[in-house]
Structure formats: C-alpha cells, structure tokens
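Trainee: Right, I'll just put the structure down here and ask away after.
Here, each number is a calculation from the coordinates, and none is a lab measurement. Worth saying up front: this structure is predicted, and the values here are computed from it rather than measured. Quick reminder, even Gly has a Cβ in these numbers, built from the backbone with ideal geometry, and neighbours come from all protein chains shown.
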Amino acid sequence: MTTAPDYTEKIPNNVNLREDRRLRRALESWQPDFLNWWESMGPALPTKDVYLRTAVNVGREGWAHFGHVPMKDYRWGVFLAERDSDRRIAFGQHKGEPAWQKVPGEYRADLQRLLVIQGDTEPASVEQQRNLGATAPSLYDLRNLFQVNVEEGRHLWAMVYLLHAYFGREGREEAGELLHRNSGSEDSPRILGAFNEETPDWLSFFMFTYFTDRDGKYQLGTLKESAFDPLSRTCEFMLKEEAHHMMVGTTGVDRVVGRTAQVMVENDTDDVAALGVIPLPVIQKYLNFHYSVSLDLFGGETSTNVANYYTAGLKGRWMEERRTDDHRLTDDSIMVDTLAGAGNGEQSIGQTEVPALVGLNTDLRREYISDCRSGVNRWNKILAEAGLTQRLKLPHIAFNRRVGAFAGIEAAPDGEKLPAGEWERRRGQWLPTDVDKTHVRSLMQPVHERGKIAAWIAPPRNGINGKPFEYDYVHLA
Ligand code: BYC
Ligand code: FE
Ligand code: FE
C-alpha cells in the first residue's frame, strides 16, 4: 500500500512525511544544505529552464511528469515503490521470514555502511559532471545531462531519507557528510575510486553513463533484493530512473562511433583526427579506462564483507529470484579470477575455486561484464554496417585494476602480465594520453542552438518524450 505523492509539502513524497513531524523537520533542515550544495557543486551553466522529467508517482503507468522547469525549483522527492505486505526474504539465513520494516540492531552498522557508500556516489557524479554544460553538443544532450544530474540528486535524497528515518543521530550525521565529501577533493574525497576521477568531456560522460551508471544498476539490483524492505522499495524505484541514464550512455557512444565511422568511410581513411571527429583508437582508450575503473566498483574478487551481507540478507544477487539454487549457498563454490603463485615469486593470471559466498562480488561483476559486452557488440554492429573492419573490445579483467586480485600487477588489455617498466612504456597505447584528451577537448565546442549539433557526434534517432530533436529542450539564461 502506498499513499499518493503529496506535492503540497516542501518535500514531495509517498512516505507519509506529513504524519511524521520529527522526520519531516529533520529532512527540512537538511534540505537547505542540499540546495546550497546544488548551487555550488551542481550544474555550472546558467539556465532559465529545462525540459525535465519529475517523478510524481510510482505506479506502472505515468510515474513521471515532463515540463520546462527552472532547475533550482526542481522538486526532489522521496519515492518508494509500492509495498508488498506479504514480501518475504528471498535468500540468506533468514530466507522465508517476512521482510524487515525496521533495521535489526545486529545489522545496523553494515546496512548504514551500504547506504552511505551508495549515497556517496550519487552527488559525486553530479560534481564530476558539473562543467559539461558549457560544452554540450546540442540542446538535446544538454537536457539529458541535466536530467541525469537532477535524478542523481534525487537518488541522494533517497539514501538520505533512509538514513534519517531509520538510523537516528548517526544517520543524520552521515547525511550531512554526504554533502561535505567532494569528488576529487584532497582532504575529503568521495568513497569509491571511480567517483574521484574527472569527467572533463562528453566522450567521458557517455562512457561514464554507459559503464559507471551501469555499475549503479547492478548494485541497486542487489540492494533491491534486500531484506530491509524500505531499502528494497527505494532501489526498485531508483532503477526505473536509471534506465534513462543507461539510454544516454548507450546511444551517446552509438552516436560518437556512428559519426566517426561515417567520416572514415566518406574520406576513406582511419586517420580522422584532423577531420573533426574522435578516432576509433581514442574511443577504445576511453572505453578501456571507464570499463576498468568501473570493474573496481564491484570490490575484491573474493570478499568476506559480501559473504556476510548475503548471509544476513542485506544484499542479494542480481535477479536473486530467478536463480535456481538454494539461495543460501553455504555448500556451493565458484571459480574466481586470481593470481596463481608458482612458489618462486612468479605469479600468473588464472582461476581458483572458493566458497560461493565469498565469490559474490565476482558473480555480480560477471553479470555486469556480460551486459557491457552487449554494448560493445552494438557498437561493432555500427562499424560493420558502415563497411569497416575495425572493432571495439572490452579489455581483460586484469587490465588497469586498483581493487581486488589484480591491483598489484600490470596487465595488457589482452591479459598479458607485464613488468612495471613495460606497462609504463606502453600505457599510452591503451589509456587516454594528454594528447588524446586535449584533442577530444578541442572538439568540445558548445552547440546551444536549437536543432543544431556538433560535428563529432551524430544526432539521436529519437527526441525525449515524443518531442523532436529540434525541440527547445533548454532555455539558457
Ligand atoms: N574504491 O571486501 P571488499 C552508482 C574497499 S554506483 C575504494 O572487496 P566489498 C552510481 C572496501 O570498502 C553503485 N575502496 O569490498 C553510478 C573494503 O574496505 P574495508 C554504488 C574500495 O565491501 C553512477 C575493502 O576495500 N553502490 O550508484 O565486498 C552515477 C575490501 O573490499 C573499493 C555500491 O557500491 C573501491 N572501488 O565491496 C551515480 C553499493 N572497493 O571494509 C551513481 C554499496 C572496495 O576493508 N557498496 N573497497 O574498510 C557495496 O556493496 C560494497 O561496499 C562494494 C565493495 C561493492 C563497494
Ligand atoms: Fe543514481
Ligand atoms: Fe545513474
């Protein structure tokens, strides 16, 4: 059962904030801090209004409203998917018991940690994307950037709601901290590595929304299985919004690859750097970078943390209910990627068998990797249809890793283990160099005119919400 969203209140919500004075007060006192953060760390390009989707409901049909709104007046709300009062825990030692409506004391610290890590990524991505408006290739793209930004802001609200509602004073303190850590900060950086990297250009933005938002999709998918029902319902609704972020990344890279392919064919050359588009080898390097830092977001290949989360019922597997095993996994095993020692100090990349529970990060990363592969196939189809023989590729799992089994070694994109000197000598072939980045940035001239688009990217096939590409998606200030 859910209540209809209440838009007369300061904070639109379907969690009955009206009836809970204490919680409402707490959130209303966090709200000005959020708005200050948005002003100083959110989108830097001044706008009059933007054609945005606002969440107004959670039902299957028509959960969103579209319209031009000044961004600072965007209604960030708190929405949980509808409650299933019969919901039972689907996995772990509490399998079959009713889902929790409150946080069990023994899991409080772990749940809070998961919420804080999740919550920390949302504002981080807004910070990373802060300056992209100034170089948008079209008003359509500018609008999508801002849509992603406001929704990541709403995802922060989603986690802050849970922290305030269920975690007392500590939860309120953590909610405050989420606005004080900043992406790339020396003193108080964001928690996870990928969220301290720069997103300085639009190719990075599309790769980020393809690869890093996709980590978000998978992590939210596991938290949607959580025994803690308010978290499950929160994540279920966040996943609906996430679909648009996936679309932005997938079609964004499509359009970059498509345009490069077109110019290659028209000029019958691979050497397109001087022709105003991004060469395929540079696209491959950006892909290598964003994919490898996103693989790190799944944690170690083996992890006792994840085993404990699963056994306790805090974090499930992707599509837990579709799995055909016992959903407890106490007797199962899994092969995980590892560095095998030869005893003489030499190590090689291989596989090893471990208890299934400690291998759950690997299980989730594999689901993610096969999803990523579908994007690469799609981009290769664009190249094939253009009549080109070049192909894009996902690098090996050991390539450029900073977390997990391969953090301590260097490996080439094909998985060959390299001595440190060799890596240093060749990394510029595999990861974007300063020259690559400078070239990409030089192409990022803003096109803020209705119906026009930058030369390095193809226009989208479809506009937003049935509107044409030429629509006035954004009115600049
Ligand atoms: N960077 O036991 P391990 C999104 C730490 S993205 C730095 O393997 P575990 C979004 C780890 O904390 C989705 N440190 O880790 C996307 C641990 O520290 P302690 C975000 C790292 O716990 C785009 C130690 O290393 N959501 O939503 O099994 C735009 C040992 O690691 C990293 C979540 O991640 C790292 N990358 O797994 C906007 C969900 N990785 O305990 C938004 C919540 C690990 O030794 N988080 N460490 O001090 C989790 O489920 C897990 O905590 C992790 C790590 C998957 C992140
Ligand atoms: Fe998000
Ligand atoms: Fe997202």
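Trainee: Counting helices only, and only those DSSP H runs with n ≥ 4, report the 222 nm mean residue ellipticity of the chain as the sum of -39,500 (n - 2.57) divided by its residues, in deg cm²/dmol to the nearest 500.
Mentor: Theoretical 222 nm ellipticity from helices: -15000 deg cm²/dmol.
Trainee: What does the charge dipole of region 201-245 about its Cα centre add up to, to the nearest 20 debye, if the Cβ of each Lys and Arg holds +1 and the Cβ of each Asp and Glu holds -1? Walk me through the intermediate numbers first.
Mentor: Values: 5 positive and 8 negative charges, 19 e Å.
Taking the Cα centre of region 201-245 as origin, the dipole is about 100 debye.
Trainee: Find how much the distance from Thr311 to Asp270 grows on full extension, using 0.36 nm per residue of separation minus their present alpha carbon separation; answer in nm with one decimal.
Mentor: In short, 9.5 nm is gained.
Trainee: Along the Cα→Cβ direction, 7 angstrom out, place labels at Asn462 and Arg169. What is the inter-label distance in nm?
Mentor: Computed distance between label sites Asn462 and Arg169 equals 5.2 nm.
Trainee: A further question on this structure: Please identify the longest segment of the chain free of exposed GluC sites (Glu not before Pro), where exposed means a DSSP state other than H, G, I, E or B and no more than 16 other Cβ atoms within 10 Å.
Mentor: Result for the longest clean stretch: 199-345.
Trainee: Assigning unit charges at the beta carbon (Lys, Arg +1; Asp, Glu -1) and nothing else, what dipole magnitude in debye, to the nearest 20, does the chain show about its Cα centre?
Mentor: Computed about the Cα centre, the dipole is about 860 debye.
Trainee: Please find the FRET efficiency linking Ala384 to Glu186, where r is the Cβ-Cβ separation and R0 is fixed at 35 Å, and quote it to the nearest 0.05.
Mentor: In this case the efficiency is close to 0.15.
Trainee: Okay, moving on. May I ask which residue of Ala386, Thr433, Ala356 lies farthest towards the positive end of the charge dipole of region 355-442, with charges of +1 (Lys, Arg) and -1 (Asp, Glu) on Cβ and the Cα centre as origin?
Mentor: Ala386
Trainee: Let me ask something additional. Roughly how many Å is it from the Cα centre of region 203-220 to that of region 230-263, as a whole number?
Mentor: 7
Trainee: Which FRET efficiency, nearest 0.05, do Arg88 and Val435 yield, Cβ-Cβ r, R0 60 Å?
Mentor: Plugging the Cβ-Cβ distance into 1/(1 + (r/R0)^6) gives 0.60.
Trainee: To continue, here is another question. Is there a pair in Lys10/Lys102; Lys393/Lys452; Lys72/Lys102; Lys224/Lys417; Lys10/Lys48; Lys217/Lys285 whose C-alpha atoms are over 28 Å apart, and which pairs would that be?
Mentor: Working: Lys10/Lys102 25 Å; Lys393/Lys452 31 Å; Lys72/Lys102 34 Å; Lys224/Lys417 37 Å; Lys10/Lys48 22 Å; Lys217/Lys285 23 Å.
Checking Cα-Cα distances, Lys393/Lys452; Lys72/Lys102; Lys224/Lys417 exceed 28 Å.
Trainee: Given R₀ = 22 Å, FRET efficiency for Met41-Arg450 by Cβ-Cβ distance, to 0.05?
Mentor: The computed FRET efficiency comes out at 0.15.
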